[in-house]
Amino acid sequence: MRCGENPAIKCRDAGTPRARYGRTRRRGGAHLILVTGGAGFIGSHVVEALISEGQAVRVLDSLLSHRERPGYLPDEVDFVEADIRDPEAVQKALRGIVHVCHQAGMVGLGSDFLDITDYVSHNDLGTAVLMRELAQKGFAGRLVLASSMVVYGEGSYECPHDGAVRPGPRRVGDLEHGQFEPLCPLCGGVLDARPVCENAPLDPRNVYAATKVHQEHLGWAFQRENASPVTALRYHNVYGPRMPRDTPYAGVASLFASALANEQAPRVFEDGAQRRDFVHVRDVAHANVLALLGNRAVSGAFNVASGQPRSVGELADTLADATGSDAPRPVRTGEYRRGDVRHVFASPERAERELGFRASESFTAGMREFATAPLRGERLDQDQSRSSI
């Protein structure tokens, strides 16, 4: 079986009760595509990419982190301010829609278990409301879901002696002595990290991750019942313009960039050798366009990644270099969090083979742009964190 094949699978938002609707502006021969969460970080780039392809776009977004329609949304977008959990608003937003790109949701690590009802309500109930309304209208188009690498938990590993294994929990004693690499549960040797494929076991380690798994499962159920292709795009570490600043879910790239903007040294946990796949938001938007408009409808889960893993330390150094020669240098602190994932990076093989997707943005050039681009907003309060991706 090739990487990414799964034999079992073939083939933002909250709280405004009243929806506001504009007039739809269609271009000749264009599809009308709904992008939920289209005012957010990733969603807004998807909107721009679709419009550049000549498509007509309607956005449904609650604007909790914006308070008003953001100026970067193109004028021709038909904008609906509404909650994805509002069935009546969703039903109206779906009028005339050919395809749907579902980016709306509550984003974050879900590290506080007491937030479980909010995450489940926004992500799972919101997705269920959308799918119910799609089923009611006899939707026959393509549905693209924003999933995440967090569904995997820890990455994939191989022991030189025992082959592919799943590492056990990291031990405090090892971490205290600077032994950060996962160990083989059979022989105790250091494991080699490998790219994670879509058919890897899912191991959600927090509430947010669990909701992303559940969204995928709802998608597969919807596909079986409605014969409508569902594509789940598992985003890896996304960075780029409009990334939220200093929020719990912003990602390490945003935290480092924010520190440098404040003339502070980025603090790199552990030894900085932990690896991730950093993918530019424009590449992520392109993957969504391919899933929505490609010549052949595809279904199942796909890694959306650059295919070029980088260490977190390298990320911090690259951002510092791009900021300027007088920027403070990153500090490897040796601090750790026991539950942190050591390595998780992707194989993009299936996305390239079936979607025709290949990331094109250069890491160095992308980070240079990101280092000088404005981040979106300051630290958001508790309510505002329930926002678009």
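Read the figures in this text as sums done on the coordinates, not as results from a lab. As the structure is a computational prediction, the values presented were derived from the model and not from experiment. FYI the Cβ positions are ideal-geometry reconstructions off the backbone, even for glycines, and counts take in every protein chain you see.
Available extension along the chain between Ala227 and Ser311 is 26.1 nm, counting 0.36 nm per residue and deducting the alpha carbon span.
Database remark: amide H of Phe357 closer than 5 angstrom to the amide H of Glu352 (H placed geometrically; neighbours at sequence offset of 5 or more, or on other chains; Pro and chain starts carry no H).
Report note on the peptides 232-241, 66-75: ranked by the mean count of other C-beta atoms within 10 Å, highest first, their order is 232-241, 66-75. For the chain, the alpha-carbon radius of gyration amounts to 0.97 times the rule-of-thumb value 2.2 N^0.38 Å expected for a compact globular protein. Residues of the range 123-146 with amide nitrogen under 15 Å from the 7 Å Cα-to-Cβ point of Ala297? In the range 123-146, the label zone of Ala297 (backbone N under 15 Å from the point 7 Å along Cα→Cβ) covers 134-145.
Compute the distance from the alpha-carbon center of the range 267-297 to that of the range 92-130, in whole Å. Going from one Cα centre to the other spans 20 Å.
Counted over the chain, the DSSP beta bridges are approximately 20% antiparallel. Name all residues of the range 323-355 having a backbone nitrogen under 19 Å from the label point set 7 Å from the Cα of Asp203 along its Cα→Cβ direction, giving them as ranges. Inside the label zone: 337-347. One chain, two ends: Cys187 and Val172. Fully extended at 0.36 nm per residue, the span grows by 3.5 nm beyond their Cα-Cα distance. Overall shape: oblate for the range 121-271, with the ratio a/c of the largest to smallest alpha carbon gyration tensor axis at 1.5 or above and b/c at least equal to a/b. Taking packing as the residue-averaged number of other Cβ atoms within 10 angstrom, the listed peptides 187-198, 171-182 run from highest to lowest as 187-198, 171-182. Calculated on the alpha-carbon coordinates, the convex hull of the range 250-294 measures out at 86 cubic angstrom per residue.
Projecting the Cα atoms of Val59, His99, Thr117 onto the charge dipole of the range 24-145, computed from C-beta unit charges around the Cα centre, puts His99 farthest toward the positive end. Listed peptides 319-330, 275-286, 44-55, 134-145 appear in the order 275-286, 44-55, 134-145, 319-330 once ranked by packing, highest mean of other Cβ atoms within 10 Å at the front. Across the range 176-184, coupling constants 3J(HN,Hα) worked out from phi with the 6.51/-1.76/1.60 Karplus curve, θ = phi - 60°, read 4, 9, x, 8, 9, 6, x, 10, 5 Hz, and Gly and Pro carry x.
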